[in-house]
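Written out below as structure tokens is the structure these notes cover.
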Amino acid sequence: MSHIYLNNLGLADTNNNGVIDWGATEGYEGFIAKYGNADIGFHANFVLYGEANGKLEEPEIINYYYLTIRFKPEFEEETTAIESEVSAYIYANNMPLVWLDDEQGTVMNAVNRVLGEGWDRQELTENEAIALHNRALRGMHIIGRMGEPSNNGGYNTLPEFVTRRAGYCFETSQFGFWFFSKLKINSVLADADLTSSKYHEVVKLSSGRIVDYFNSSAGYNVTADRWHNANPLQTLGFYYRTKGDALIDRIMLEQAVLYDKYSIDTVGRLMNFYFNSSADYYAAGIIELCEYFLAKNDIDKILTARHPGASITKTQVKVILIMSLVTYSISGNRAGFNNIEALLGNYYRGDNEVRRYVEDYRYF
């Protein structure tokens, strides 16, 4: 689906390396000249990636579209094409309507009953739009959902959110993104870890203003730099990942990686599913994910990043490396094994669990 954005913004990954390169006649220079500098990096795993590196990564492009290009009068043609094609793709492929209304207008009808028809044809200030957003949610009698999402069937789609009148922060923020989109106010989703075990999502307007309907982040002193952008494709991956955990569904976890491919949590969960199902049968898939993870991530930066969930992230990286070590061993891949052994020795020296795995699988 990312190609919809690329094609309509004059970009093409002609060398198939997953990014748009400067100096490679892929559209980098033309994009910057027409739309502005999007080579500003993006956050994943609490680390800033790709800033001013002469490459436009997928999250950079899509984040920039939603915050800077979308709805601008001078870019009406691009906006119309992208919005139409993305919606058509999702409906045609029967994908979950995470941030879109269904074709029966379930969400719009629910909001119309509260605000009256024509609410979306107004030109409003940010303050007025936020007040209207809050009025809509109050009028629909939306309450918060409690408990772990993966233990409660995963997240609801946007139409389910309004018909069931309850949502986690994720679902409530998806509604906010839809709502502000209808008013042609640029926004993305943003997330932050409030504690080592509590993750929160909000709507972030292009001005940088945070819209947190339930005000759940109050009291946690979340500074502006801790709210990291999460565009619709990434949140689609988050939906699939949570649903995959809830249903123990391999296909959903594979879909999650397609749409949120930089996330340690997403890649690690799919690797773990493969590993626990059958490390022998899924060996090629585990190794491919490991090599992708190592190619896309700077382990030094990830393990030295300071945030409330840093200890969990360190464990996630360790588990990914251990699963890779075992898989290289049972596959008879000495070079791969030696590489992972060196990484574990560098980052987890003195860890008894790591030592046992290295000793148990070294000889093959």
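All of the numbers you see were taken from the coordinates with simple rules; none came from a lab. Treat the numbers as computed from the prediction; the structure is a model and nothing was measured. No Cβ is skipped: glycine too gets one built from the backbone with ideal geometry, and neighbour counts run over all protein chains shown.
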> What full-extension length gain, to one decimal in nm, is calculated for Asn221 and Thr163 as 0.36 nm per residue of separation minus the Cα-Cα distance?
Replying inline: 17.6 nm
> Quick one: if you stick a label point 7 Å off each Cα along the C-beta vector at Asp280 and Ala33, how many nm between them?
Replying inline: 5.9
> Among bridges DSSP assigns within the chain, what percent are antiparallel (round to 5)?
Replying inline: 90
> Distance in nm between label sites at Glu128 and Ser206, each 7 Å beyond Cα in the beta-carbon direction?
Replying inline: 1.7
> Shape of region 106-233 from its Cα gyration tensor (a ≥ b ≥ c, root eigenvalues): rounded if a/c is under 1.5, otherwise prolate when a/b > b/c, or oblate?
Replying inline: oblate
> Going by the alpha-carbon gyration tensor, a ≥ b ≥ c the square roots of its eigenvalues, is region 1-66 rounded (a/c under 1.5) or, if a/c is not under 1.5, prolate (a/b greater than b/c) versus oblate?
Replying inline: rounded
>> I need the phi-derived Karplus couplings for region 146-155: 6.51 cos²θ - 1.76 cosθ + 1.60, θ = phi - 60°, integer Hz, Gly and Pro marked x.
In response: 10, x, 6, x, 5, 8, 10, x, x, 8
> Which pairs, out of Lys182/Lys204; Lys198/Lys243; Lys184/Lys261; Lys55/Lys301; Lys261/Lys318, put more than 26 Å between their alpha-carbon atoms?
Replying inline: Lys184/Lys261
> Between Ala12 and Thr195, what length in nm is gained on full extension when 0.36 nm per residue of separation is reduced by their alpha carbon distance?
Replying inline: 61.9 nm
> Can you list the residues, at least 5 places off or on another chain, whose amide H is less than 5 Å from the amide H of Arg145, using H built in the peptide plane?
Replying inline: Gly167, Tyr168
> How many angstrom separate the Cα center of region 318-351 from the Cα center of region 11-40?
Replying inline: 35
> When Lys and Arg each count +1 and Asp and Glu each count -1, what net charge do the other residues less than 11 Å away from Asn53, Cβ to Cβ, add up to?
Replying inline: -4
> By how many degrees, between 0 and 90 and to the nearest 10, does the Cα long axis of helix 232-247 differ from the longest principal axis of the chain?
Replying inline: 60
> Roughly what would the spin-label model give for Phe364 and Thr304, points 7 Å off Cα along C-beta, in nm?
Replying inline: 3.2
> What is the sum of charges around Arg138, taking Lys and Arg as +1, Asp and Glu as -1, for the other residues whose C-beta is under 14 Å from the C-beta of Arg138?
Replying inline: +3
> Tally Lys and Arg at +1 and Asp and Glu at -1 over the other residues with C-beta under 11 Å from the C-beta of Ala256: what net charge comes out?
Replying inline: 0
> Can you give the extra length, in nm with one decimal, that the chain gains between Asn346 and Ala92 once fully stretched, where that is 0.36 nm per residue apart less the Cα-Cα distance?
Replying inline: 86.6 nm
